[in-house]
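K.L.:
Sharing a structure, written as structure tokens. Questions coming.
The values are calculated or read from the model by the stated rules, or taken from the named source; none is laboratory data. Everything numeric in this text was worked out from a predicted model, so none of it was measured. For neighbour counting, all protein chains shown are included, and Cβ atoms are generated from backbone atoms with ideal geometry for every residue, glycine included. Keep in mind that these areas ignore ligands, DNA and RNA; they rest on the heavy atoms of the full protein, side chains included. Shrake-Rupley method; radii C 1.70, N 1.55, O 1.52, S 1.80 Å.
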Amino acid sequence: MITIIPEAPENVAAFNATGEVTKEDFDNLVIPHVKEKVDQFGELNYLLYLDTDLDNFTMGAWLKDAFLGLQNLTKWNRTAIVTDKEGVQNFTDIFSVLMPGEFKSFPKENLYNALYWCKNGNEVEV
């Protein structure tokens, strides 16, 4: 299931993934919300908080996620993946070289910093 993170800055499409993630999650929530942000801001700042295993994404969800990426390819600005899964963090960092825009992984305890980075392009000073 995917839900919108209500505390996200206005210019960030931020989602929390828990349990099983399906194609319907993308059709009914993610894609319309992303379209609204792109229409409003002309670019996409995207955050996904992974509170589930990637095994819980159905094949339809993976295809919709890929479609979302291709559909808005030129609009991607900043993307944060928030997870404690080291493999996903490494993939995100490698993937950032191939995609337009900036991609960055954050550990779960740094959700606030990830939201701030998506909004502003820099991190909170600690």
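K.L.:
Mind listing whichever residues of the stretch 4-50 are part of a helix (DSSP H, G or I) and among the polar types (S, T, N, Q)? Before you say what the answer is, go through the steps one by one.
P.N.:
Looking only at the stretch 4-50, we keep the residues that are part of a helix (DSSP H, G or I), and these are 23-41.
Within the stretch 4-50, Asn28, Gln40 meet the criteria.
K.L.:
Identify, by number, the condition in (1) surrounded by 15 or more Cβ atoms within 10 Å (Cβ to Cβ); (2) hydrophobic (A, V, I, L, M, F, W, C); (3) at pLDDT 70 or above that Ile4 doesn't meet.
P.N.:
Status for Ile4: all satisfied but (1).
K.L.:
Given the criteria at pLDDT below 95 and surrounded by fewer than 14 Cβ atoms within 10 Å (Cβ to Cβ), does Asn28 qualify?
P.N.:
Yes; evaluated as a whole, the condition is true for this residue.
K.L.:
What's the number of the condition Lys64 fails, among (1) at pLDDT 65 or above; (2) open to solvent by less than 80 Å² (accessible area, probe 1.4 Å); (3) closer than 19 Å to Ile4 by Cα?
P.N.:
(1)
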